[in-house]
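Colleague: Take this structure, written in structure tokens, and hold onto it; I'll ask about it next.
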Amino acid sequence: MPLFAWKDEYSVAVERLDEDHKKLFRLLNELYETTMQIKGVIDPLPVIDLLREYSQYHFLAEEQYMRDCAFAELAAHRESHRDFKRRIDDLYLQCRDNQSDATRDLIVLLGNWLLHHVLEEDRRYSTFKKDDDR
């Protein structure tokens, strides 16, 4: 059973960005399942790498969308993305150094951040749709 399930109310009403968010949820669930394997420890770093890479791809796409919409809160939103990247990079280094608690901390951080970010911050730009997204 997944730790985080996508719900329609998480939608920002921009299909390509919703698809990105869904993929981030899937990757987070994959990391959770990898970490919680009963049969033994599975290296979480490949999944964490995917999460780091995909989140950066998504952030760039989202920020471009906000620029195209002339979204007034872009600078603050971009700073939120940068803060997240710094936090995930710090935890990644701890995970790489074989600290299993860091992997659990990473899952908690990612889950809390993703839910908060999508539900509160990303939904703000959903009302600033570009003409071709209406």
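The values are calculated or read from the model by the stated rules, or taken from the named source; none is laboratory data. Bear in mind the structure is a predicted one, so any value in this text is a computation, not a measurement. Using ideal geometry, Cβ is built from the backbone for each residue, glycine included, and neighbour counts are taken over all protein chains shown. Remember, those area values only see protein heavy atoms, side chains included, never the ligands or the DNA or RNA. Shrake-Rupley method; radii C 1.70, N 1.55, O 1.52, S 1.80 Å.
Colleague: Name the residue that is least open to solvent (accessible area, probe 1.4 Å), counting only residues in the range 30-44 that are modelled with pLDDT under 80 and under 19 Å from ASP89 (Cβ atoms).
Modeller: The first filter runs over the range 30-44 and keeps only residues modelled with pLDDT under 80, leaving 34-44.
Checking the rest, the ones that are also under 19 Å from ASP89 (Cβ atoms) come to 35, 43-44.
Details: THR35: 41, ASP43: 90, PRO44: 20 Å².
Among those residues, the one meeting the criterion is PRO44.
Colleague: Quick one: in the range 67-85, which of the residues that are under 27 Å from TYR32 (Cβ atoms) and surrounded by 14 or more Cβ atoms within 10 Å (Cβ to Cβ) is modelled with the lowest pLDDT?
Modeller: Going through the range 67-85, the residues under 27 Å from TYR32 (Cβ atoms) turn out to be 77, 80-85.
From what is left, the residues that are surrounded by 14 or more Cβ atoms within 10 Å (Cβ to Cβ) are 77, 80-81, 84-85.
Details: HIS77: 91, SER80: 89, HIS81: 91, PHE84: 85, LYS85: 88.
Ranking the candidates gives PHE84 first.
Colleague: Go through the range 86-112 and report how many residues are under 17 Å from the mean Cα position of the chain (by Cα) and open to solvent by 80 Å² or more (accessible area, probe 1.4 Å).
Modeller: Here the count works out to 7.
Colleague: How do the pairs read when you match residues in the range 1-29 that are farther than 18 Å from GLU121 by Cβ and free of Cβ contacts under 8 Å to residues at least 40 places away in the same chain with residues anywhere that are part of a loop (DSSP other than H, G, I, E, B) and among the aromatic types (Phe, Trp, Tyr), using Cβ under 7 Å and keeping only pairs 6 or more apart or on different chains?
Modeller: ASN29/PHE4
Colleague: Has the range 58-66 got at least one residue that is crowded, with 18+ Cβ neighbours inside 10 Å and closer than 22 Å to PRO2 by Cα?
Modeller: Going through the range 58-66, the residues crowded, with 18+ Cβ neighbours inside 10 Å turn out to be 58-59, 62, 65-66.
Those still in the list that are closer than 22 Å to PRO2 by Cα too: 58.
Looking for residues that are crowded, with 18+ Cβ neighbours inside 10 Å and closer than 22 Å to PRO2 by Cα, one finds at least one in the range 58-66, hence yes.
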